[in-house]
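Peer 1: Before anything else, here's the structure in question.
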Amino acid sequence: MDTTKTILITGAAGFLGSHLCDRFIKEGYHVIGMDNLITGRLKNIEHLFKLKNFEFYNHDVSKFIHIPGQLDYILHFASPASPIDYLKIPIQTLKVGSLGIHNCLGLAKAKNARLMIASTSEVYGDPQVHPQTEEYWGHVNPIGPRGVYDEAKRFQEAITMAYHTFHQVETRIVRIFNTYGPRMRLNDGRVLPAFIGQALRGEDLTIFGDGSQTRSFCYVDDLVEGIYRLLHSDISMPINIGNPNEISIGDFAEEIIKLTGTDQKVIYKDLPVDDPKQRQPDITKARTLLNWEPKIDRAEGLKRTYAYFKGLTTEELNEKDHINFDKFIIK
Ligand code: UDP
């Protein structure tokens, strides 16, 4: 009897999705990757195409999902995830977090599969509790520019708990804090690729606001390990996964300047609306229940990430973005 477990990973061609595909392939799973390639890139997973235990479906999860045969696990990781992406494609962001998860939950119920959703520290909004524990309900502006992402993710948690409670679907909710590493899109607008891209192109580093806002950055391999453990645990309540080592964006810019050896300076731009002032995960639950904590410190993680970005071609480095968002704008 074939005991190979099959896992569907939505958002497989994205930054996190592609690293998750790698991990589950390594663990001997049959991996079905799904992506509609709006923000994902086939380049992130092309090394998997030659494998027998990897399949790829170019499909939008907001539409009915048909998967033949057995399915043991579903990871719903499809979504635009950077503030400038979800500003450009707000409706798709809302759809993937609502219609998309509804389809995934229906599929999980039909297949008797365990489903995990990628939730986010954004469910805490601009937090008034610091650091953020899973008990904190958050401080989100539903109609602000980030509302399309934050509220989609909050809805996603609500519908996932409802399927768990009313249909006994086995569910897991990971609240992911800022994560970085190879395969981030250089132009996704997030602070790390923005700063490294600017340093590599010889541009000044753009700090939004006065740089006093904080974030806590987790290296992708640590995050993947946390997700792997949570998926195989019996915890259906949300769990924060992130690195509690907090830094101001101003200090982070200085770290990138040192790392890259650039002669450029920092310049200041307006702070985006509703930009959270501080963010740090309380990971007590992950530590005690999953015996997980991050292992890769920022110095090491940044070194690895910088090596990846340095390996990009000049053309890739100067490319504005591979995405033609206009194509996706719903009028
Ligand atoms: N940021 C910045 N310069 C940039 C890009 C981002 O100062 O070129 C700031 C942004 O305003 C925020 C922080 O860096 O305060 C992290 O932004 P990011 O988009 O990476 O993710 P967020 O945590 O806000 O979702």
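We did not get these values from a lab; they are worked out from the coordinates using the rules stated. Source: prediction; values computed, not measured. Glycine also receives a Cβ, built like all others from the backbone with ideal geometry; neighbour counts cover every protein chain displayed.
Peer 1: Considering the options Thr93, Gly69, Thr39, tell which one lies farthest towards the positive end of the dipole of segment 1-152, charges being +1 on Lys and Arg and -1 on Asp and Glu at the Cβ, about the Cα centre.
Peer 2: Value computed over the given set: Gly69.
Peer 1: Any idea what diffusion coefficient segment 182-224 gets from Stokes-Einstein, in µm²/s, Kirkwood Rh on alpha carbon pairs, 25 °C, 0.890 mPa s?
Peer 2: Values: Rh = 11.8 Å.
The diffusion coefficient I find is 208 µm²/s.
Peer 1: Between Leu271 and residues 5 or more places away or on another chain, which pairs have amide H atoms under 5 Å apart, with H built 1.01 Å from N, and which residues are they?
Peer 2: Gly209
Peer 1: Could I ask something else about it? Taking only C-alpha pairs under 8 Å that are 6+ residues apart, what is the relative contact order of segment 188-305 in percent?
Peer 2: 40
Peer 1: Follow-up. For Tyr57, which sequence-distant residues (separation of 5 or more, or a different chain) have an amide H within less than 5 Å of its own amide H, given hydrogens modelled in the peptide plane?
Peer 2: Those qualifying (amide H under 5 Å, at least 5 residues apart or on another chain) are Gly33, Met34, Asp35.
Peer 1: What is the set of long-range amide H partners of Arg172 at a cut-off below 5 Å, with H atoms built 1.01 Å from backbone N?
Peer 2: Answer set, sorted by chain and number: Leu115, Met116, Ile117.
Peer 1: If the only charges are +1 at each Lys and Arg Cβ and -1 at each Asp and Glu Cβ, what is the size of the charge dipole of segment 51-201 around the Cα centre, to the nearest 20 debye? Kindly include the intermediate steps, with their values, before the conclusion.
Peer 2: Working: 16 positive and 13 negative charges, 88 e Å.
That gives segment 51-201 a dipole magnitude of about 420 debye.
Peer 1: Taking the Cα centre of the chain as origin and charging only Cβ (+1 Lys, Arg; -1 Asp, Glu), how large is the dipole, in debye to the nearest 20? Mind dumping the intermediate values first?
Peer 2: Working: 39 positive and 42 negative charges, 150 e Å.
Rounded to the nearest 20 debye, it is 720 debye.
Peer 1: How tilted is helix 147-167 with respect to the longest principal axis of the chain? Cα atoms for both, answer in degrees (0 to 90, nearest 10).
Peer 2: So the inclination is approximately 20 degrees.
Peer 1: When the scattering of segment 196-331 is computed by the Debye formula from its Cα atoms alone, each counted once and equally, what is log10 I(q)/I(0) at q = 0.14, 0.16 Å⁻¹?
Peer 2: Cα-only, vacuum Debye calculation for segment 196-331: -0.86, -1.03.
Peer 1: Given a cut-off of under 8 Å on Cα pairs at least six residues apart, what relative contact order in percent is computed for the chain? Numbers along the way, then the final one.
Peer 2: On the way: 639 pairs, mean separation 55.9, N = 331.
About 17 percent, as a whole number.
Peer 1: Name the shape class, rounded, prolate or oblate, that the alpha-carbon gyration tensor gives for segment 236-305, where a ≥ b ≥ c are the square roots of its eigenvalues, rounded holds for a/c under 1.5, and otherwise prolate holds if a/b is larger than b/c and oblate otherwise.
Peer 2: Details: a/c = 3.81, a/b = 1.58, b/c = 2.41.
Taking the square roots of the gyration eigenvalues as a ≥ b ≥ c, segment 236-305 is oblate.
Peer 1: Can you give the charge dipole size of segment 1-106 about its Cα centre, rounded to the nearest 20 debye, using +1 on the beta carbon of Lys and Arg and -1 on the beta carbon of Asp and Glu?
Peer 2: On the way: 10 positive and 9 negative charges, 35 e Å.
Dipole about the Cα centre, nearest 20: 160 debye.
Peer 1: ³J(HN,Hα) across segment 128-144 via Karplus (A = 6.51, B = -1.76, C = 1.60, θ = phi - 60°), whole Hz, x for Gly/Pro?
Peer 2: Going residue by residue, I get 9, 10, 9, x, 8, 9, 5, 6, 6, 7, x, 9, 10, 8, x, 9, x Hz, with x marking Gly and Pro.
Peer 1: Dividing the convex hull volume of the Cα atoms of segment 71-130 by its residue count, what figure in Å³ per residue is obtained? Intermediate values should be presented prior to the final figure.
Peer 2: Working: hull volume 5.7 nm³, N = 60.
Convex hull volume per residue, Cα atoms: 95 Å³.
Peer 1: How many nm separate the modelled label positions at Lys26 and Thr288, each set 7 Å beyond the Cα in the direction of the Cβ?
Peer 2: 3.0
Peer 1: Viscosity 1.002 mPa s, temperature 20 °C: what is the translational diffusion coefficient of the chain from Stokes-Einstein with a Kirkwood Rh over Cα pairs, rounded to a whole number of µm²/s?
Peer 2: Values: Rh = 20.2 Å.
The calculation lands on 106 µm²/s.
Peer 1: Determine the relative contact order of segment 82-144: mean sequence separation of Cα pairs under 8 Å and six or more apart, normalised by residue count, in whole percent. Don't skip to the answer; put the middle values down first.
Peer 2: Numbers: 28 pairs, mean separation 12.0, N = 63.
Reported relative contact order: 19 percent.
Peer 1: Right, another one. To check my understanding: the extent here is largest minus smallest coordinate of the Cα atoms along each principal axis. What are those three numbers for segment 1-115, in Å, largest first?
Peer 2: 48, 31, 17
Peer 1: Starting with the fewest neighbours, write out Lys43, Lys52, Lys95 ranked by other beta-carbon atoms found within 10 Å of each beta-carbon.
Peer 2: Values: Lys43 12, Lys52 6, Lys95 20.
Arranged by neighbour count, lowest to highest, Lys43, Lys52, Lys95 become Lys52, Lys43, Lys95.
Peer 1: Nearest 10 degrees, 0 to 90: what angle lies between the long axis of helix 220-231 and the longest principal axis of the chain (Cα atoms)?
Peer 2: For 220-231 against the chain, the angle is about 30 degrees.
Peer 1: So how much slack lies between Ala299 and Lys258, counting 0.36 nm per residue of separation and subtracting their Cα-Cα distance, in nm?
Peer 2: On the way: separation 41, 0.36 × 41 = 14.76 nm, distance 1.08 nm.
That pair, Ala299 and Lys258, stretches by 13.7 nm at full extension.
Peer 1: Could you list His167, His102, His19 so that the one with the fewest beta carbons within 10 Å of its beta carbon is first and the one with the most is last?
Peer 2: Values: His167 12, His102 16, His19 22.
Result, fewest neighbours first: His167, His102, His19.
Peer 1: Separate question: Taking only DSSP H segments of four or more residues, each worth -39500 (n - 2.57), what value at 222 nm results for the chain once the sum is divided by all its residues, to the nearest 500 deg cm²/dmol?
Peer 2: Values: 10 runs with 121 residues, N = 331.
Helices in the chain give a 222 nm mean residue ellipticity of -11500 deg cm²/dmol.
Peer 1: Also, I was wondering about something else. So how much slack lies between Tyr268 and Ile91, counting 0.36 nm per residue of separation and subtracting their Cα-Cα distance, in nm? Walk me through the intermediate numbers first.
Peer 2: Working: separation 177, 0.36 × 177 = 63.72 nm, distance 3.02 nm.
Result: 60.7 nm gained on full extension.
Peer 1: Also, I was wondering about something else. Multiplying the sequence separation of Phe208 and Met161 by 0.36 nm and subtracting their Cα-Cα distance, what value in nm do you get?
Peer 2: Details: separation 47, 0.36 × 47 = 16.92 nm, distance 3.60 nm.
Gain in length upon complete extension: 13.3 nm.
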